[in-house]
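Remarks on the structure that follows.
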Amino acid sequence: MAVQDTSRIADMARVETTVTAGKAARHLPVQKDWPSWAIFAVQIGILVGVIAVWEVGARAGWIDGFFWSQPSAIARTFYIFFTEGDAWTDIGYTFRATILGFLIGTTAGSLLGLSFWWSRNYATIAQPYIICFESMPKLALAPLIILVFGLGLTSKVVIAIALTIVVSTLTAYAGVKALDPDGEKLFYSLGASRWQVFRKLVMPYCLPWIISVLRINIGLALTGAIVGEFISSQHGLGRTIFYAGSTYEIALVWVAVFVLSLLAMIMYAVVSWLETILRKGTRQ
């Protein structure tokens, strides 16, 4: 009986193999990547098409030109903003607030997170406060920060720091908690001091964790600076957007938004490049 069952299974396997071999082999669809110039040309074509439709629609009355403005008016305002306005002053003000908030917040937060390695009791005591501050709507505190630190650059930097420091702290602390305890024991067994373990093991191990948060923090720092300028400021792209919106200068709003987007892309690209360089250094 067992021989018959084995023979039957073998026959079924031969039939399935024959049917499969008789079918035409099916190939996965292959997509050809376009050359870079073609992709760039399509992107430019889409942008030009949107601008053309916007301009024609505003001139023909299909789009409300008062609330949406039109590309020709935006171009004129853009020229005036850079030749007769405070474009470079506003850009420099927003840039300084963002970079200072990013550097101070990332550095202070990383050092705070790394400091938790020195004492588990200290980390346990501080962690609830860090989490509480993380869950707090920090942008809601922006008016209070403006009142305390004034209308100048300092208040915008403080808001940017408030948005970046906790993220850096929790990220660095996550790296500390992921540290292999056997590695620490090995260092101590070789006669290393506590400071040497921190400098030669903890910091290099946590560096990739710290690097991973750079791109997030540059966006948070820019958000903090702009929010501070929205509330009250003497200069900055956020102040320009708020002023233009309150006076219904829609073309100026578009100009400030475009310049702000360009500034954000440049800073993001620089931070991404810096992250790539630092990651290469950690792999060596």
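Before moving on, here are some points about what is shown:
- Residues of region 143-172 that turn out to be part of a loop (DSSP other than H, G, I, E, B) and free of Cβ contacts under 8 Å to residues at least 12 places away in the same chain, as a count: 1
- The single residue among Thr94, Thr89, Thr106, Thr98 that is assigned to a helix (DSSP H, G or I), hydroxyl-bearing (Ser, Thr, Tyr), in contact (Cβ under 8 Å) with a residue 24 or more places away in the chain and over 30 Å from Trp209 (Cα atoms) turns out to be Thr89.
- Set Val157, Val166: member being touching a Gly at 6+ places or on another chain (Cβ under 9 Å) and closer than 18 Å to Leu263 by Cα: Val157
- When Lys156 is tested against (1) basic (Lys, Arg); (2) surrounded by 13 or more Cβ atoms within 10 Å (Cβ to Cβ); (3) more than 21 Å from Leu220 (Cα to Cα), just one condition goes unmet, and that condition is (3).
- Across region 53-87, the qualifying residues are those that are β-branched (Val, Ile, Thr) and under 32 Å from the mean Cα position of the chain (by Cα), and the one among them that is farthest from Gly236 (Cα to Cα) is Val53.
- Ile125 closer than 30 Å to Cys206 by Cα and either of a type in the set (Lys, Arg) or surrounded by fewer than 13 Cβ atoms within 10 Å (Cβ to Cβ) (or both): yes
- Filter result for Ala140 (part of a helix (DSSP H, G or I) and without any contact (Cβ under 8 Å) to a residue 40 or more places away in the chain): yes
- From Val255, Val259, residue being over 13 Å from Gly92 (Cα atoms) and either part of a helix (DSSP H, G or I) or aromatic (Phe, Trp, Tyr) (or both): Val255
- Subset of region 173-190 (residues that are assigned to a helix (DSSP H, G or I) and either within 28 Å of the chain's Cα centre (by Cα) or in contact (Cβ under 8 Å) with a residue 60 or more places away in the chain (or both)): Tyr173, Ala174, Gly175, Val176, Lys177
- Listed here are the helices (runs of 4 or more DSSP H) enclosed by region 191-239 that have at least 1 residues being within 15 Å of the chain's Cα centre (by Cα) and of a type outside the set (S, T, N, Q): 203-211, 214-231.
- Neighbours by Cβ (under 9 Å, 6+ apart or cross-chain): first from region 48-72, within 12 Å of Leu252 (Cα to Cα); second part of a helix (DSSP H, G or I) and among the polar types (S, T, N, Q): Ser69/Thr77
- Filter result for the condition that a residue is surrounded by fewer than 14 Cβ atoms within 10 Å (Cβ to Cβ) and aromatic (Phe, Trp, Tyr), over Trp209, Trp195: Trp195
- Hey, Leu237 surrounded by 16 or more Cβ atoms within 10 Å (Cβ to Cβ), free of Cβ contacts under 8 Å to residues at least 40 places away in the same chain and in contact with a helix residue (DSSP H, G or I) (Cβ under 6 Å, 6 or more places away or on another chain) or not: no
- So Ala60, is it at pLDDT below 55 and surrounded by fewer than 10 Cβ atoms within 10 Å (Cβ to Cβ): no
The values are calculated or read from the model by the stated rules, or taken from the named source; none is laboratory data. Because the structure is predicted, anything quoted here is derived from the model rather than measured. Every residue, glycine among them, receives a Cβ derived from its backbone with ideal geometry; neighbour counts consider all protein chains shown.
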